[in-house]
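Colleague: Got a structure for you, written out below as C-alpha cells; questions coming shortly.
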Amino acid sequence: GLRIIATQFESATGTTTMTQDEMKQAVAQAAVDHIKGRLESDSIIGVGTGSTANCFIDALAAIKNSFAGAVASSEATAERLRGHGIEVFDLNSVSEMEFYIDGADEFDPHLNLIKGGGGALTREKIVAAVAKEFVCIVDQSKQVDLLGAFPLPVEVIPMARSHVGRQLAALGGQPVYREGFVTDNGNVILDLQDLEILDPKALEAQLNNIVGVVTNGLFARRGADIILMGTPDGVQTLR
Ligand code: 5RP
C-alpha cells in the first residue's frame, strides 16, 4: 500500500506556490540526494526519458565525478547525458546497475505505473529490468487510485498494427494510432484509451501475449520500488 514515510523538503514559507516545473526539479534533486551516498566510482546509473528525467539529468551533472556513467533509455536521454559530459554505456556492457531513475505518466497505491507517454517504454522497461532499485520521480498530478485514465501506450511492430489494434479493441479499449511517431526501435505506438485497469499485472502479461506487440506501458510486474512525489509542500517518499 501507499504510505508516506518522509517529507524531505519543506518550502521555507509553507505556502503552496510551487509550479509543476519546480516540483519536477525538487523530485529530481531528491533522487540525486537518494542515490549519491551509495554511488561508487564504477557505478552505472540507468536514466529514463521525459521532462522529469531531464530535470534529473541536469541535477545529476553536479555529481558526475562520483560515478562512472549512465545507460540511457532513449536517444534523447543519451544526447542530454553526453551534453553534460556524462559517459553513456551500452547496456550489454553493464552487468550490474544499482539504480534506474525515471518518471511516469500515472502511478497507483501499489506503485504500479503507466509509462510511455514519450514513447520510450521499451528501452525504459529493459533498463529498469536490469536495475536493482527503480526510483520513480513524479509530481502529484500523476497519482491515481486506478490506472487507465492516461491512454496506455503499446509499442507494435509496424506490419502488425491493424492486427494488434483489433486485439486491443476486443479487450474493451479503444486503440488510437500515434500518427507520425516512430520509436527509437523503428516501431509504432497504439495508445489504448478508455480501459479501466483493474488487474495491472494480468493485463501487462495479456498484452505481451498479443503477436506483434513489442512492449506495453504497464510497469506492474516490475513496478517502482520507491516513488519520490513532488507536491506544493515538498517531496514525499512512497514505498
Ligand atoms: C516516457 C515516459 C515518461 O516517464 C513519462 O511520459 C513521464 O514524462 P514526464 O516526466 O515528461 O511527465 O514514460 O516514455
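The values are calculated or read from the model by the stated rules, or taken from the named source; none is laboratory data. Note that this is a predicted model, so its numbers are computed, not measured. Cβ sites come from the backbone with ideal geometry, for glycine too, and all protein chains shown count toward neighbours.
Colleague: Are any of the residues in the range 49-59 among the aromatic types (Phe, Trp, Tyr) and away from the ligand (no atom under 12 Å from the Cβ)?
Modeller: No: zero hits.
Colleague: Those residues that are surrounded by fewer than 21 Cβ atoms within 10 Å (Cβ to Cβ), modelled with pLDDT of 95 or more and of a type outside the set (A, V, I, L, M), I need them from the range 191-221; list them, please.
Modeller: Passing the criteria: Gln193, Asp199, Lys201, Gln206, Asn208, Asn209, Gly212, Arg221.
Colleague: Oh, and also: Test Glu155 against the stated conditions and say whether it is within 12 Å of the ligand (Cβ to nearest atom), outside any helix (DSSP H, G or I) and either at pLDDT 95 or above or among the aliphatic types (A, V, I, L, M) (or both).
Modeller: yes
Colleague: Same structure again: Please specify each residue of the range 94-138 satisfying the condition of being within 14 Å of the ligand (Cβ to nearest atom) and of a type in the set (Phe, Trp, Tyr).
Modeller: Matches in the range 94-138: Tyr100, Phe107, Phe134.
Colleague: Oh, and also: Test of understanding: among Gly186, Gly173, which residue is modelled with pLDDT under 95 and farther than 18 Å from Gly223 by Cα?
Modeller: Gly173
Colleague: Given the residues Ser162, Ser141, which is the only one that is over 28 Å from Thr77 (Cα atoms), loosely packed, with under 14 Cβ neighbours inside 10 Å and either free of Cβ contacts under 8 Å to residues at least 24 places away in the same chain or under 16 Å from the mean Cα position of the chain (by Cα) (or both)?
Modeller: Ser162
Colleague: Right, here's the next one. Is it true that some residue in the range 124-136 is touching a residue at least 24 places away in the same chain (Cβ under 8 Å), farther than 27 Å from Glu204 by Cα, crowded, with 17+ Cβ neighbours inside 10 Å and in contact with an Asp or Glu (Cβ under 9 Å, 6 or more places away or on another chain)?
Modeller: no
Colleague: Right, next: Quick check on the range 172-180. Is at least one of its residues within 15 Å of the ligand (Cβ to nearest atom) and either charged (D, E, K, R) or in contact with a helix residue (DSSP H, G or I) (Cβ under 9 Å, 6 or more places away or on another chain) (or both)?
Modeller: Taking every residue of the range 172-180 in turn, at least one turns out to be within 15 Å of the ligand (Cβ to nearest atom) and either charged (D, E, K, R) or in contact with a helix residue (DSSP H, G or I) (Cβ under 9 Å, 6 or more places away or on another chain) (or both).
Colleague: Still on this structure, I have one more. Taking the range 80-93 on its own, how many of its residues are under 19 Å from Asp58 (Cβ atoms) and either touching a Gly at 6+ places or on another chain (Cβ under 9 Å) or away from the ligand (no atom under 16 Å from the Cβ) (or both)?
Modeller: Going through the range 80-93 one residue at a time, the tally reaches 8.
Colleague: When residues of the range 91-113 are filtered for being without any contact (Cβ under 8 Å) to a residue 40 or more places away in the chain and either touching an Asp or Glu at 6+ places or on another chain (Cβ under 8 Å) or not polar (S, T, N, Q) (or both), how many remain?
Modeller: Selection size over the range 91-113: 1.
Colleague: Taking the residues in the range 208-234 that are in contact with a Leu (Cβ under 9 Å, 6 or more places away or on another chain) and part of a loop (DSSP other than H, G, I, E, B) as candidates, determine which candidate is farthest from Gly48 (Cα to Cα).
Modeller: Ile210
Colleague: Test Ala160 against the stated conditions and say whether it is away from the ligand (no atom under 16 Å from the Cβ), of a type in the set (Gly, Ala, Ser), out of contact with any helix residue (DSSP H, G or I) (no Cβ under 7 Å at 6 or more places or on another chain) and in a helix (DSSP H, G or I).
Modeller: yes
Colleague: If I ask for residues that are part of a loop (DSSP other than H, G, I, E, B) and surrounded by 24 or more Cβ atoms within 10 Å (Cβ to Cβ), which ones from the range 25-70 would you list?
Modeller: If the condition is that a residue be part of a loop (DSSP other than H, G, I, E, B) and surrounded by 24 or more Cβ atoms within 10 Å (Cβ to Cβ), then Gly48, Thr49, Gly50 are the ones that fit.
Colleague: Still on this structure, I have one more. For Asn65, indicate whether it is on the phi < 0 side of the Ramachandran plot, out of contact with any helix residue (DSSP H, G or I) (no Cβ under 8 Å at 6 or more places or on another chain) and polar (S, T, N, Q).
Modeller: Yes: the conditions hold for Asn65.
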